[in-house]
Structure formats: structure tokens, C-alpha cells
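Quick notes on the structure that follows.
The values are calculated or read from the model by the stated rules, or taken from the named source; none is laboratory data. Given the structure is predicted, the values throughout are model-derived calculations rather than measurements. Positions of Cβ are backbone-derived with ideal geometry, glycine not excepted, and every protein chain shown enters the neighbour counts. Ligands, DNA and RNA are stripped out before the accessible areas are found, and what is left, the full protein with its side chains, is counted by its heavy atoms. Shrake-Rupley method; radii C 1.70, N 1.55, O 1.52, S 1.80 Å.
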Amino acid sequence: MQLYLLALNPTDSVLDGFLPAARRLGLHVTLLTDRPDPWGEPGSLGDHVEVEGCDVRDHRAVISRIAGGRRADGVFTNSDHLQMQGALAAAYFDLPAKDWRAALRTKDKAEMRRHLAGAGVEPVRSAEVPPGQDPAARAEAAAVPYPCVLKPREGVASEDVVLAGDAAELRRHCARVRVRRPADVLLVEEYLPGGLHTLETLGDGRLLHLLGGFRTRLSPPPHFIEERMTYVPRHPAPVREQLLVRLAALGVGFGACHTEFVLHEERVRLVEVNYRAAGDQCDLLLADLLGVPLFDRILSVHLGRTLPPAPEPPADRAARIDYPCADRAGTLVAAPEPMDRRENGLHQTYRPLRSPGERHPLHRTNRDYLGVLRTIGPGAAEVDRAADAFLAGARWEIAP
């Protein structure tokens, strides 16, 4: 069977999750990307994978390339930036696909706000800020209160997401973001109080499995860097019900989805909906924790297969994922080695994301992550002790 996989840069999800799953499923994978070089030499990803250059941000180029190749049995992407292109290409060939309109609504944060408000589900005051426009004037016209959040309309990974306390601060933040994003439309929206959580789902268009979620610890304001994710096996029923109403309104229900929301006084409000599997190795942890071939199942629904019964959230297991983060620009001169430990019911994995000798600026996003620590154990106390002990004993040194 032939799978076309759309991608940009290599990610852990694709390299350690989806490509091994494709091999297990007996799939031949044509990986289409606009950046072939970072994916390595021919054959380096396995004899079941070939990498080809393609303007994957243009659905017309994707359709043309697939039409000229082996007959497709599935089209898939786990990229935030390519969901609509993947959905349109799959639909063109009458293959199982996400609704391209849902892919657009979830990628475009302004459209998500408009659609939810229009459906009477969740009004959030927000305003788009095109290039050359005054963000404070746009916020005032839309009655967006302070504090407010400034973010790229189609951004990812908390990049250039910042909290502003007043109009002057909003203008300063916007000017800094404009240096990096001169042509992008930005979004100003009201700050949503409450703890940050996620819901992880997987659907085949008929069934929607709730796989639990994470409770997220963020960096101090004004930035929103995810520092720790603690697994939550099952959100309370009223929370699940509110989330499902919102996802249904957006048209989400096929394939994997990673939904971020805040919970304040039992009220759910969406932060963003990433219509793909959770990233930053949360999906790898989730597969280990649930004990199911999660990546195989995600690919299978894109091949038209129905989901088996939903996995039961593990009542006797706990998990968390930590992201040691650079606090300054500079060269990494010392860091822990990769680690994989299994003992006494505990599974702990550390993977570095930077190597000694690398020099990086300070991004104030997940690009500042130095590594990823995944810890699964028989209980929350055991997991916390093991994770805290590793982080206390590890040393990351950054030289100016």
C-alpha cells in the first residue's frame, strides 16, 4: 500500500512514531517535503521510505505530484502548517480525509474565534491586526480588554505569543514581533484566566476516542512556554462535554487532534486546536503509557480502517514530561547524555535536543528546549521523585 506523507522539517513524531508505524503496517511511504536535505541521504529513513521535493504548502502541487506517482492509498500529514493541504489532496483522490474546512478553522485562530462565536458556543473578544495597523486601536474597536494576548494568527508552539497589560505594552510587543513577522496578520484577544490543559483525541469519522490529556505548567508571563506536562487520564464529565461541543462545532473528529484549553470556575475556553497528534514527544509518551500502537492507529484511519475499541486510561500509571529550557542565548558547553532507564515499574527517557557546541539565540518558545525528559511510573509520587531527581542531578551549561 502507498502512503503519501507531507512534511516540512523532520520531527520526533514522524521519525520515531509515524515512519516506524508505516513499516509495521507494510506501507511504502513517499515523503513529500519542500526541504529534502534535512531528511538525510536516500535510504537513511528505511527502505520503505523515499523522500521527494515538492511545494507542500501548495495543495495544487501536492495533488499534481501524487497524480503522477504510484496510486495513493492514503495521504497524511502531522504538520500544523499542512493540514488543509493534506485534507484537500486526500479529498481530491477520494481518500479518507479531515474536512478541509475544519483544518482551516483550527489553523486560522481568528477564523476559529469567529466560527465558535457564530455557532453560539464560545465568544472570545478578539481582533485581527494586519501589517501597518495599530494593535491598540484594533483592540479598542473590538472591545478587547486588558490584559490581552498578542499572537500570530497562524502561529505554532507559542512563538511570538505574549501578554500585554496595556495599550503601550501591546504596541511595544507588536513592534518586536513585526521585526520577525513583517507580513503576517496578528491576533489580539482577551486573556483567558485558568489552568492550561489539553485533550488528546483520535477519531475515524464515526468513533471519537478520548485518550486523556495533560495539565500544563507554563513559564511566568509575559511569555507562554510549556515547561512541564502532567498526564490526566480522564477529565471530569462536565469538562469533556464542553470540549466535545466545541470540537463538533469546528468539525473536528477525524484522525488525531491536540486541543489546548483553559479551565476556570468549571468553564472551558479553547486556547487553540492543533488538528494533529500532540508534539514535543507527548505523543511518544502517550503511546508508551496507553500501551497501544497509537501511531499505527492514526495512520490506519487515514487508510480507511475503523478504530478498535478505545484504550482504557491507565488507572495505575502516572506520567509527566519535562522540558529543560535555556534561559539565555549562547553556546551549550555541557549537557546530559541520552538516557533510557527501566526499573521497579519506572520508565524514564531523556533525549537531548541540542548538542554541546551549538550556539542559539533566546527565542522564548519551545525552540529554547534543551532536551525532553519523559517519565512513566506506578504513581504520581514515584514519577515526581524520579523526574525531580534527574533534573536536580543534570547540568546544562551555556556560555555567552
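Taking the criterion of being under 27 Å from VAL156 (Cβ atoms), open to solvent by 50 Å² or more (accessible area, probe 1.4 Å) and either part of a helix (DSSP H, G or I) or not aliphatic (A, V, I, L, M) (or both), the residues of region 361-384 that qualify are PRO361, HIS363, ARG364, ARG367.
The set of residues in region 108-140 that are among the hydrophobic types (A, V, I, L, M, F, W, C) and touching a residue at least 12 places away in the same chain (Cβ under 8 Å) comprises ALA110, MET112, LEU116, ALA119, VAL121, VAL124, ALA127, VAL129, ALA136, ALA139.
Restricting ARG101, ARG105 to those that are touching a residue at least 24 places away in the same chain (Cβ under 8 Å), within 14 Å of GLN83 (Cβ to Cβ), surrounded by fewer than 17 Cβ atoms within 10 Å (Cβ to Cβ) and under 24 Å from the mean Cα position of the chain (by Cα) reduces the list to ARG101. Residues that are more than 28 Å from GLY379 (Cβ to Cβ) and of a type in the set (Val, Ile, Thr) were ranked within region 309-338; the one that is surrounded by the fewest Cβ atoms within 10 Å (Cβ to Cβ) is VAL333. Taking the stated definitions as given, is LEU303 within 25 Å of the chain's Cα centre (by Cα), surrounded by 12 or more Cβ atoms within 10 Å (Cβ to Cβ) and part of a loop (DSSP other than H, G, I, E, B)? When the stated conditions are applied, LEU303 passes them. ASN344 satisfies every condition listed in (1) free of Cβ contacts under 8 Å to residues at least 60 places away in the same chain; (2) touching a Phe, Trp or Tyr at 6+ places or on another chain (Cβ under 9 Å); (3) within 24 Å of PRO233 (Cα to Cα) except (2). Filtered by the rule that a residue be in a helix (DSSP H, G or I) and open to solvent by less than 40 Å² (accessible area, probe 1.4 Å), region 31-58 gives a lone residue, TRP39. Residues in region 103-130 that are small (Gly, Ala, Ser) and in contact with a strand residue (DSSP E or B) (Cβ under 8 Å, 6 or more places away or on another chain): ALA110, SER126, ALA127. Among residues of region 243-264 that are of a type in the set (Phe, Trp, Tyr), those with a beta-carbon under 8 Å from a residue that is assigned to a loop (DSSP other than H, G, I, E, B) at least six positions away or on a different chain give the pairs PHE254/PRO96; PHE254/ALA97; PHE254/LYS98; PHE254/ASP99; PHE254/GLY205. Set side by side, the residues ALA183, ALA164 differ, and just one is over 28 Å from LEU284 (Cα atoms), open to solvent by 20 Å² or more (accessible area, probe 1.4 Å), among the small types (Gly, Ala, Ser) and more than 21 Å from the chain's Cα centre (by Cα), which is ALA183. Scoring ALA91 on the criteria (1) farther than 30 Å from VAL262 by Cβ; (2) in contact with a Lys or Arg (Cβ under 6 Å, 6 or more places away or on another chain) leaves a single failure, condition (2). Here ARG246 meets the list (1) at pLDDT below 95; (2) crowded, with 18+ Cβ neighbours inside 10 Å almost entirely, failing just condition (1). Count of region 115-134 residues, restricted to those that are of a type in the set (D, E, K, R), modelled with pLDDT of 95 or more and surrounded by 15 or more Cβ atoms within 10 Å (Cβ to Cβ), is 2.
A search for C-beta distances below 7 Å between a residue of region 374-400 that is charged (D, E, K, R) and any residue that is exposed (fewer than 14 other Cβ atoms within 10 Å of the Cβ), counting only pairs 6+ apart in sequence or on different chains, returns ARG395/ALA334; GLU397/VAL333; GLU397/ALA334.
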